[in-house]
Amino acid sequence: MRPVRHVRPAVSLKKESKEVDQRMRSRLRWLMLIVVIVMVVLSARVLMLKTTDRSGYLAASIDQRTRVNTLRASRGVIFDRNGQELALSVPTNTLWADPRVIVDPPATARAVAGMLGMGPEDEAALLERLSRNTQKFAYVARELPKEAAQAVLGLGLTGIYSYIEPARVVESGAAEALIGRTDPDGLGTSGLELQYDKVLTGTDGTQMRQVDNKGRSIAGEGSVTKQPVPGDDLVLSIDKTIQYQMDAAVVARVERLSAKGGTAIAMDSRTGEILAMSNVKRRADGTVAVAQGNFAAVEAYEPGSVAKVFSISAAVNEGLVDPSTTLRVPGIVRIDNFPIRDAWPHGPIDMSVRAILSESSNIGTMMVAEKMEFTKLHDYLSAFGFGRHTGLEYPGESRGILKSVKKTYGTERSTVAYGYGFASTALQMVSAINVVANGGTFVEPRLVTATIDRSGRRETKEPSKTRPVLSASTAATMTDIMRDVVCTGTGELAKVKGMEIAGKTGTGYKVQGNGTYATDAGGRRYFASFVGFFPAQAPRVTMLVSIDEPSSSSIDRFGGTAAAPVFAQLVPTIMNELGIEPTGTDAGCQGRTATLGH
């Protein structure tokens, strides 16, 4: 029997179809609503991107594809008195990286290190910088020659770029210690570079350019450049030729005497302008070279016999003695059980003030100084510039040591007369002796005579400040006695044919680590100096030469034998460079006889 098929009523089918249509329409409405909402949200977001959020995203976009390079401004040039360049900025190449785009920092660091010859430590430091992938700038290497930078760029390493920046160079190394140094960013860190940093420093410029994801400039996208403005130039009183010859002479003398170092300064007697200032040191490896530091201004030593000029000139200026005043000078004096002797043995002898200075008698000088109250001698030493800055305002310049009257006790009240118990820099000493050369007037030393701005306008500096110390007649008297020092006394090796020289030798014992003037082995170490001026009757140049620790076993360990010959060697060079006429055909010592034989 065939099954019976159930047939649904037509009414039921219509109802079911209607329900399906309603559900479809409902779903379509919801779908349309969702689409509308999405479109509204998208439209709102697009609107926000074009309005309120535009600046932020635009800035991020620009930042991502913009490279901003600083165009370093050149520091001002430093010239000598004749317009020759002493220090200037030269273009060098700096390599830098964008760590964000470097794919393989270790491989990149290894490739760069291999090309530049970096050691393991430098390579590790470079890798650490390249691995900072949240930063967009890191130095790779600075102040490279063009060839080295191009070799690295030729590797085609992603994220490694270069730009040009100036580096400081001192021409021929002349006056390098005096000029000082700059750091890699071009800021002065020592010497005149530090002292005049604001004058020499220019204003950096900038360059902005658009790049693609490989760091290549995008064609058609313009760059914006603000040009750098260079710093102002300095004109120094230094004479490059004199400086070069002085450096060479001091280096040679230090080498010959197996000394620790040497210093020399030449200054214009009338204006205080420094013509040359040399600093020489023996390195740890035993070689001798021009030093990096300006020790002539920052290191102080007990000057020894050079200081006799000041105590004797004070007594002359006070009218207490004259060159012919004669004193009975014993062979030894004890003060607080401390023995004081002269450099040569003698019994009680009659010595004139002229002989006391020309033969450099410690005891005689002390006896002359004792004719004054100690406070008066102290006032004179201060007026000569000891215990105070010279006025040069050089960075790190030392005041030296001159204790107050109340803090100077016992033997020091006697020994300061002949150069012990106070300390002086070479700069202070040459400035003090220059009082005699300059007719009794102290003139502050100076190094900078003018500045030149970027438009070429020259601004001359004010003349050096001065102060009276001695009368003109006292200065003339001391000059005459100091000529005897060179002609017949301890400074005979400073004689120069065709030029009259006045000067004074000084041989100071150096205090040792044990607090005495003797080494643990019982020996001595010396600081040998000669300071003088020429032409003696109308001084143009005052000059000091000091040799630090010449060999104690050599006869050339004294001021008259270690330093005076360098003085004599430099005089003809200075005469020629400054156009100083000879004073005759000989040393101008005719008629001057030895004041004391020993």
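In the set (1) out of contact with any Ser or Thr (no Cβ under 9 Å at 6 or more places or on another chain); (2) free of Cβ contacts under 8 Å to residues at least 24 places away in the same chain, residue 512 fails one condition alone, (1).
If you go through the range 158-192 and keep only what is on the phi > 0 side of the Ramachandran plot and polar (S, T, N, Q), you end up with just 172. For the range 411-442, the candidate set comprises residues that are out of contact with any Lys or Arg (no Cβ under 6 Å at 6 or more places or on another chain), hydrophobic (A, V, I, L, M, F, W, C) and surrounded by fewer than 24 Cβ atoms within 10 Å (Cβ to Cβ); within that set, the residue that is nearest to residue 236 (Cα to Cα) is 423. The criterion of at least 2 residues that are within 16 Å of residue 170 (Cβ to Cβ) is met by the following strands (runs of 3 or more DSSP E) wholly inside the range 227-292: 233-236, 274-282, 288-290. Do we have any residue at all in the range 343-351 that's surrounded by fewer than 22 Cβ atoms within 10 Å (Cβ to Cβ) and farther than 26 Å from residue 560 by Cα? Scanning the range 343-351, I find no residue that is surrounded by fewer than 22 Cβ atoms within 10 Å (Cβ to Cβ) and farther than 26 Å from residue 560 by Cα, so the answer is no.
Per-residue answers, yes or no, for (1) assigned by TED's automatic domain parsing to the domain that holds residue 232; (2) touching a Gly at 6+ places or on another chain (Cβ under 9 Å):
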| residue | (1), (2) |
| --- | --- |
| 83 | yes, no |
| 90 | yes, no |
| 94 | yes, no |
| 98 | yes, yes |
| 103 | yes, yes |
| 107 | yes, no |
| 117 | yes, no |
| 127 | no, no |
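Residue 470 fulfils the conditions (1) under 29 Å from residue 560 (Cα atoms); (2) assigned to a helix (DSSP H, G or I) except for a single criterion, (2). Go through the range 495-547 and count every residue that is part of a strand (DSSP E or B) and either modelled with pLDDT of 95 or more or among the hydroxyl-bearing types (Ser, Thr, Tyr) (or both). Residues in the range 495-547 being part of a strand (DSSP E or B) and either modelled with pLDDT of 95 or more or among the hydroxyl-bearing types (Ser, Thr, Tyr) (or both): 22 in total.
For the range 271-295, how many residues are crowded, with 22+ Cβ neighbours inside 10 Å and among the small types (Gly, Ala, Ser)? The qualifying residues number 3. For the range 435-445, the condition of being charged (D, E, K, R), modelled with pLDDT under 95 and part of a loop (DSSP other than H, G, I, E, B) holds for none of the residues.
Could you tell me which of the residues 422, 442 is closer than 19 Å to residue 277 by Cβ, of a type in the set (Phe, Trp, Tyr) and in contact with a strand residue (DSSP E or B) (Cβ under 9 Å, 6 or more places away or on another chain)?
Details: 422 fails: closer than 19 Å to residue 277 by Cβ.
When all the criteria are applied, what remains is 442.
Residue under question is residue 147, and the condition is that it be outside the structural domain of residue 231 (by TED's automatic domain parsing) and more than 29 Å from residue 248 (Cβ to Cβ); does it hold? So residue 147 does not fit the description; no.
The values are calculated or read from the model by the stated rules, or taken from the named source; none is laboratory data. All values derive from a computational prediction rather than experimental measurement. Please note: Cβ atoms are built from the backbone with ideal geometry, for glycine as well, and neighbour counts cover all protein chains shown.
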